[in-house]
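Some notes on the structure that comes next.
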Amino acid sequence: MSAHILKLKVNGREYQALVSANHTLAQVLRENLGLTGTKQGCQVGDCGSCTVLLDGEPVNSCLVLGVQAESREVLTIEGLAEGNKLHPLQDSFVRAGAIQCGFCSPGMILSAKALLERKPSPGLDDIRQGLAGNLCRCTGYQKIVEAVMQASHRMSGEASS
Amino acid sequence: MLLPSFTYHRPGGLAEALAMLDGFGGQAKLLAGGTDLLVNMKHGKQAPAQLIDLDGLAELKASGSRGDALELGAGLKAAAIAGGLGGAAPQALAQGAGALGSPQVRNRASLGGNLVTARPAADMCVPLLALGARVALVSPAGERQVDLPEFFLGPGLTALHPSEVLTRVLLAKPRPGEGSGYGKLGLRKALEIPLVNVAAWLALEADGKTIKEARVALGAAAPTPMLSPGAAKALAGATAGDDAFAAAAFAAAADARPIDDHRGSAEYRRDMVAALTKRCLGQALAQARGN
Ligand SMILES: Cc1cc2nc3c(=O)[nH]c(=O)nc-3n(C[C@H](O)[C@H](O)[C@H](O)COP(=O)(O)OP(=O)(O)OC[C@H]3O[C@@H](n4cnc5c(N)ncnc54)[C@H](O)[C@@H]3O)c2cc1C
Ligand code: FES
Ligand code: FES
């Protein structure tokens, strides 16, 4: 067993932590850094509830070792809002009724954020494919897709105004 | 679900990784994207004492051409390959990489990991077999190159020695008059190991009609991804089109040795091998004519 001093940037802030090699990034975020917005469901890559952005790309943090995030940048759901102002995606999820129990929401919103960065005006199929790695047991997905669509309109509106 | 304990190593380059692998003599496992290995470790199927992380090695992430050959680094991620590698990735391989898992899995899953895991229907293995790929295996003793039909020995079993790293995949550079295609059938559209998958590659003669050479690869049809000798024979010298493709589909279904399980019967899988074979050959032909 080995332990490592891990340095990484999470939500724009530098962190340093002493972590065991066998702790996943999800564990490090939740247990060492206290960022419990990242959820752990299946723990084996199937559900996407642990999705975070690693250098901008969505990954399942249950299948990344904490030590593999050395010197890299992580964005979790806690990094989206600016003070009290929700990110347009968070706000659209609330308004569209895309959040029921909320367990899938952090992962869904981060997958959606990565999608909108790549494709600011996605079609319905793009959204479904972008969210294909995130399961929701509550909403039936329709309202989630609508929320991402609304957010994309609002964000491109903001960008052009 | 916790990971068993192990010691983690981050080599600075391939040479160091090889020396570590050699030094630990069978105690160590290579870690790439971890989407197979970490899952197996969580399920208690594997418990290596040492993990050697290849994920950061830039040497394994390069792609480029050397003469007539296209070389793809084993560390390339499925997401990058699905994106086409700036037009360099053959169509069937890009399609296979794009059908693998989910966006999150594709951002981690590597080409080398997919080949070494060697599932009978792995999404990058089947296209690479149709494309006639070889792999470069490097150990402290040097490099050897192995054709994929000799590399896949069984489910999860390959010709890779414990002291070797798979560094590159070697392919012939796509030429005009050639094309490839991939098709996958699962019970759902994402996060699914295929029920059946097929890849096809063909090269046309200068007349643009006659098939010079073709390969059809089948997944989930045997313990390893396999080439269909019958389909290759039915296609060589034939006029490209529905008749030849129907004959190849029939031959591919006859070559397939699928299993019966809770996900689908052998008979259904065989029918789907035929249907996907026709579809992939159609895609390959369209690409060959468009080039
Ligand atoms: C939720 C989920 C969905 C999935 N869906 C699919 C799917 O649809 N289709 C599919 O084909 N696969 C699927 N997979 C399996 C997996 O993602 C792929 O096989 C992937 O390509 C493995 O690559 P990796 O880099 O993650 O490998 P790792 O897990 O890091 O390694 C796998 C094995 O290969 C060895 N290895 C890795 N790189 C090298 C190298 N360069 N040289 C020598 N040995 C090496 C490792 O030691 C290990 O034994 C899925 C996995 C998950 C978790
Ligand atoms: S907890 Fe990571 S994918 Fe389910
Ligand atoms: S809102 Fe409950 S899982 Fe999606």
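Values in this text are rule-based calculations from the coordinates and carry no lab data. Because the structure is predicted, anything quoted here is derived from the model rather than measured. Reconstructed Cβ throughout: ideal geometry from the backbone, glycine too, with neighbour counts over all protein chains shown.
The figures follow:
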read-out	value
DSSP bridge orientation in chain A - percent antiparallel, rounded to nearest 5	90 percent
Share of pairwise Cα separations in the range B:7-53, more than 15 Å, in percent	41 percent
Shape of chain A, Cα gyration tensor, a/c cut at 1.5	prolate
Estimated inter-spin distance, B:ALA19 and A:LYS119, nm [label 7 Å along Cα→Cβ]	4.6 nm
Kirkwood hydrodynamic radius (C-alpha pairs) into Stokes-Einstein, the protein assembly as shown, 20 °C and 1.002 mPa s, D in µm²/s	93 µm²/s
Number of partner chain Cβ atoms within 10 Å, mean per residue of B:104-113	6
Within the protein assembly as shown: Cβ-based charge dipole about Cα centre, in debye rounded to nearest 20 (Lys, Arg +1; Asp, Glu -1)	600 debye
Leading residue at positive end of dipole, chain B (Cβ point charges), from B:ALA88, B:LEU100, B:ALA220	B:LEU100
Loop sites in the range B:197-291: GluC sites (Glu not before Pro), DSSP, at most 16 other Cβ within 10 Å	B:GLU205
Listed peptides B:230-236, A:46-52 by packing density, highest first (mean Cβ within 10 Å)	A:46-52, B:230-236
Dimensions (Å) - the range A:88-155, Cα atoms, principal axes, largest first	28, 23, 17
Inter-part distance where the range A:15-44 and the range B:90-105 are each reduced to a Cα centre, Å	28 Å
Of the DSSP H helices in chain B, those whose Cα atoms cover at least 27 Å axially and whose Kyte score averages -1.0 or more	B:266-290
Where N is the number of residues in the range A:81-122, Cα Rg divided by 2.2 N^0.38 Å	1.16
Neighbouring partner chain Cβ atoms per residue of B:36-42, average, 10 Å criterion	4
Protection proxy ranking of B:13-26, A:89-102 - average other beta-carbon atoms within 10 Å, highest first	A:89-102, B:13-26
Solvent-free Debye scattering, log10 I(q)/I(0), computed from the Cα coordinates of the range B:33-93 at q = 0.27 Å⁻¹	-1.13
Student exercise, chain A dipole from Lys, Arg, Asp, Glu Cβ charges, in Debye to nearest 20	220 debye
Test item: A:104-114 mean partner chain Cβ contacts at 10 Å	1
Cα gyration tensor, the range A:1-66 - rounded (a/c under 1.5), prolate or oblate	oblate
Relative contact order (percent, whole number), chain A, Cα cutoff 8 Å, 6+ residue spacing	23 percent
Loop-located GluC sites (Glu not before Pro) in the range A:75-161, at most 13 other Cβ atoms within 10 Å (DSSP)	none
Extreme residue, positive dipole direction of the protein assembly as shown, given options B:GLY112, B:ALA288, A:GLN150 (C-beta unit charges)	A:GLN150
Inverse of mean 1/r across different Cα pairs in the range B:58-172, Kirkwood, Å	13.9 Å
Charged-residue dipole, Cβ positions (Lys, Arg, Asp, Glu), chain B about Cα centre, Debye nearest 20	540 debye
Pairs beyond 30 Å (Cα-Cα), from A:LYS9/A:LYS143; A:LYS39/B:LYS77; A:LYS9/B:LYS184; B:LYS61/B:LYS173	A:LYS9/A:LYS143; A:LYS9/B:LYS184
Two-site FRET efficiency, A:ILE5 against B:ALA62, from Cβ-Cβ distance with R₀ of 45 Å, rounded to 0.05	0.90
Cα-only Debye scattering, the range B:133-291: base-10 log of I(q)/I(0) at q = 0.11, 0.18, 0.21 Å⁻¹	-0.49, -1.09, -1.26
Taking chain B and dividing mean pair separation by its residue count, relative contact order in percent (alpha carbons under 8 Å, at least six apart)	16 percent
Estimated distance in nm for a label pair at B:ALA49 and B:ASP207, the labels positioned 7 Å out from Cα along Cα-to-Cβ	6.6 nm
Average projected area [Cα convex hull, chain B], square nanometres	14.8 nm²
